[in-house]
1. What aspartates and glutamates does K25 reach when the alpha-carbon gap must be under 20 Å and sequence neighbours fewer than 8 apart in one chain are set aside?
2. As I understand it, the value is the acute angle between the Cα axis of helix 35-48 and the longest principal axis of the Cα atoms of the chain; what does it come to in degrees, rounded to 10?
3. Between L19 and L48, what is the label-point separation in nm under the 7 Å Cα-to-beta-carbon projection?
4. With only Lys, Arg, Asp and Glu charged, each at its Cβ (+1 for the first two, -1 for the last two), find how big the charge dipole of region 41-93 is about the Cα centre; round to the nearest 20 debye.
5. Taking the Cα centre of the chain as origin, sum charge times position over the Cβ atoms of Lys and Arg (+1) and Asp and Glu (-1), and report the length of that vector in debye to the nearest 20.
6. How large is the accessible surface per residue of the chain, computed with a 1.4 Å probe and reported in Å² as a whole number?
7. Taking the square root of 5 times each eigenvalue of the Cα gyration tensor, what semi-axes in Å does the equivalent ellipsoid of the chain have, largest first?
8. Determine the gain in length on full extension of the stretch L78-M55; use 0.36 nm per residue of separation and subtract their C-alpha separation, reporting nm with one decimal.
Amino acid sequence: MKPEPQKNEKDFGITATSLENLVKKSHIIILAVRPNQADQVLKEIAHLNPDDQKMIATLLAGVKLSYYHRYFGGKNPLVRVMPNIASAVGEGM
């Protein structure tokens, strides 16, 4: 029995790119990093996106909106996304 060939980026429609290119071409930036990485990533995004008003969707729990305003000055629309695993398995309220 032959092993199945490994799938690659083309099979999944994934394109690897730089953060700069990603920020430039995106309308929405999804921030899904560990809290200890947020500061560095937000600094880079803010530097690459100085005058644009791209929407920022964040999955960071326990972070106040003022934290994001430090980087974007309140000009970018912010959306908080809170995954609810308990609800996904029928155990949430």
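1. E9, E44, D51, D52
2. Tilt of helix 35-48: around 70 degrees.
3. Result: 0.7 nm between the two label points.
4. 180 debye
5. Result for the chain is approximately 140 debye, rounded to the nearest 20.
6. Dividing the accessible area of the chain by its residue count gives 81 Å².
7. Working from the Cα gyration tensor, I get semi-axes of 29, 22, 11 Å.
8. Using 0.36 nm per residue and subtracting the Cα-Cα distance, I get 7.7 nm.
The values are calculated or read from the model by the stated rules, or taken from the named source; none is laboratory data. The structure presented is a predicted model; accordingly, all values stated were derived computationally and were not measured. Cβ sites come from the backbone with ideal geometry, for glycine too, and all protein chains shown count toward neighbours. Calculation scope for accessible area: heavy atoms of the full protein, side chains included, ligands and nucleic acids excluded. Shrake-Rupley method; radii C 1.70, N 1.55, O 1.52, S 1.80 Å.
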